[in-house]
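Novice: Quick one: structure below, then a few questions.
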Amino acid sequence: MSSVNDSESDLTRKQRREQAREERRAAEQAQAQQASQRKRLYQLGGVAVVVVVVIAVILVATGSGGSKNAPAPKSAAATAASTAVIALLQGIPESANALGKPNAPVTVQYFGDLECPFCKQFTLTSLPSVIQKDVRTGKARLEYRSMETATREKEIFQTQQVAALAAGKQNRMWYFVELFYHEQGEEDSGYVTESYLQGLAAQVPGLNLSEWTAARNDPAYSNEVISDAQAANQAGFTGTPSFLIGKTGSTLQKFEDSDLTNPATMEAQIEKVAKS
Amino acid sequence: MNRRSVRIAMIVLTVVGIGIASYVTYVHYAGIKPACTAGESCTKVQTSTYSELAGVPVALMGLIGYLAILATLLAPESENTRFATLVLTLGGFGFSAYLTYRELFSIHAICEWCVTSAIVMTIMMLLSVWRFLRGAAPASGAHPHEPALAAPPAEGIRGPRVA
């Protein structure tokens, strides 16, 4: 009898020990789980902080939008731009939207939006070489045409492009276009105001301001902007700058400029068309 | 929601993201107009100065990001691969938020492709956070209070078959 009791109490002790071990194991596992959960939360927080910092850096590096405006008309930056533009264009014949001799064998049509930053990049890096080597020498003539891409509001696009075309009435459009790109402000910052346009016009050498103001109301220029948009659409252009190149007086062909900062491809195309 | 279906859902979403990013990258390099129901909005976004970052098209960055996420999802599951998915999707979510901000407040135009990608990335980020915090599936019988994932009983111990 006593041995049976002993064995029962042994079993109970064994069960209790087993139970205690199980509970200890469970507690340890729960603790380990809590610790790894805490570690994951810290990791998650760490990654989130790094992502926020990286995005903040990208935001600052790409500009806050609207803070960088065009230079004031009489500022040092505007004076430097005027000097560069005069040096580039002086002595080259101009007529309406065209730069270069009317009998030049090759015509290049440049479809642009005056607020487009890629056009600015092209105008300031590649175009000066093309103007010096091909336009000034009488091999090619450049025509500026309008295509809306970067400008947010249609009315502002119309106003700024007409302002440029109106300078063309006094054969000064290319001065206006070049100055616009040189002094271009931050995209969509609303820098194109009436005083900005007046300031640019005041920098164009030899431009009669009252005649220019009167010409801005000429509906012919508004219609020209519309017909340029139709031509761009017909050519299948999707962005600016876009180009058509060909023999003067014949049908021009679409030209893809693979590197906007390198004038070599456009110059080679002009050469090819001139020799054809 | 179990771990397996979350992983499958994430793989499907990543493939959708790869499709969108591939198309937008193609449009960027081919210089064609993207298909867009909102008029010229997509073209405006695609040709804006914000369509590239340090000279690299953001569409291409998105494509590379989605491919990296797919690699972490297809790799054998572990704490490390779940963490890698989390890092990539959180990064992708942050970048999508930045691009959406640019669309709304700098370009003032919305590109449907970008918005769809941002939604896909947001869902993937939420799923990867859930997946990472839940950790690995408990090993069979590892926890005394939680039954092991139901495994089909062996044929021999199945109950009597009813005729």
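The values are calculated or read from the model by the stated rules, or taken from the named source; none is laboratory data. Owing to the predicted nature of the structure, the values given are computational and were not obtained by experimental measurement. Ideal geometry is used to build each Cβ from the backbone, glycine not excepted, and the neighbour counts take in all protein chains shown.
Novice: Scan the stretch A:192-207 and give yes if some residue there is touching a Gly at 6+ places or on another chain (Cβ under 9 Å) and assigned to a helix (DSSP H, G or I), otherwise no.
Specialist: Yes.
Novice: Just to be sure I understand, how many residues within the stretch B:91-109 are outside any helix (DSSP H, G or I) and facing chain A (nearest Cβ under 7 Å)?
Specialist: 1
Novice: If you don't mind, another one. If you take the residues of the stretch B:11-32 that are buried (at least 17 other Cβ atoms within 10 Å of the Cβ) and of a type outside the set (A, V, I, L, M), which of them is farthest from B:ILE123 (Cα to Cα)?
Specialist: B:HIS28
Novice: Which condition does A:ARG152 not pass, out of (1) closer than 16 Å to A:PHE243 by Cβ; (2) in contact with a His (Cβ under 7 Å, 6 or more places away or on another chain), if it passes all the others?
Specialist: Condition (1) is where A:ARG152 drops out.
Novice: Out of the residues in the stretch A:103-130 that are among the hydrophobic types (A, V, I, L, M, F, W, C) and more than 20 Å from the chain's Cα centre (by Cα), which is farthest from the other protein chains (Cβ to nearest Cβ)?
Specialist: A:ALA104
Novice: Please tell me if B:LEU86 is surrounded by fewer than 22 Cβ atoms within 10 Å (Cβ to Cβ) and within 13 Å of chain A (Cβ to nearest Cβ). Full working, then the answer.
Specialist: Details: surrounded by fewer than 22 Cβ atoms within 10 Å (Cβ to Cβ): no; within 13 Å of chain A (Cβ to nearest Cβ): yes.
No: the conditions fail for B:LEU86.
Novice: Among the residues of the stretch A:239-256, which ones are crowded, with 19+ Cβ neighbours inside 10 Å, assigned to a loop (DSSP other than H, G, I, E, B) and within 14 Å of another protein chain (Cβ to nearest Cβ)?
Specialist: Correct list: A:GLY239, A:THR240, A:PRO241.
Novice: Going through A:GLY138, A:GLY112, A:GLY100 one at a time, which residue ends up being assigned by TED's automatic domain parsing to the domain that holds A:GLY185 and surrounded by fewer than 21 Cβ atoms within 10 Å (Cβ to Cβ)?
Specialist: It is A:GLY138.
Novice: Being surrounded by 20 or more Cβ atoms within 10 Å (Cβ to Cβ) and without any contact (Cβ under 8 Å) to a residue 60 or more places away in the chain is the requirement here; does B:PHE95 meet it?
Specialist: So B:PHE95 passes the test.
Novice: Mind listing just one residue for me: the one in the stretch B:66-83 that is outside any loop (DSSP other than H, G, I, E, B) and free of Cβ contacts under 8 Å to residues at least 40 places away in the same chain and, of those, farthest from the other protein chains (Cβ to nearest Cβ)?
Specialist: Among residues in the stretch B:66-83 that are outside any loop (DSSP other than H, G, I, E, B) and free of Cβ contacts under 8 Å to residues at least 40 places away in the same chain, the one farthest from the other protein chains (Cβ to nearest Cβ) is B:ALA71.
Novice: A further question follows. Hey, can you tell me all the residues within the stretch B:110-120 that are in contact (Cβ under 8 Å) with a residue 40 or more places away in the chain, aliphatic (A, V, I, L, M) and in a helix (DSSP H, G or I)?
Specialist: Residue satisfying the conditions is B:VAL120 alone.
Novice: Name the helices (runs of 4 or more DSSP H) wholly within the stretch A:67-162 that hold at least 3 residues that are among the β-branched types (Val, Ile, Thr)?
Specialist: Where helices (runs of 4 or more DSSP H) fall fully within the stretch A:67-162 and carry at least 3 residues being among the β-branched types (Val, Ile, Thr), they are A:76-89.
Novice: Restricting attention to the stretch B:18-57, report how many residues are in contact (Cβ under 8 Å) with a residue 12 or more places away in the chain and aliphatic (A, V, I, L, M).
Specialist: Within the stretch B:18-57, residues that are in contact (Cβ under 8 Å) with a residue 12 or more places away in the chain and aliphatic (A, V, I, L, M) number 7.
Novice: Determine whether A:GLU178 is part of a helix (DSSP H, G or I) and modelled with pLDDT under 95.
Specialist: So A:GLU178 does not fit the description; no.
Novice: If you go through the stretch B:1-26, how many residues are hydrophobic (A, V, I, L, M, F, W, C), part of a helix (DSSP H, G or I) and more than 10 Å from the chain's Cα centre (by Cα)?
Specialist: Here the count works out to 5.
Novice: Is it the case, given these coordinates, that B:ALA54 is surrounded by fewer than 21 Cβ atoms within 10 Å (Cβ to Cβ), among the hydrophobic types (A, V, I, L, M, F, W, C) and either closer than 19 Å to A:ALA61 by Cα or within 14 Å of chain A (Cβ to nearest Cβ) (or both)?
Specialist: yes
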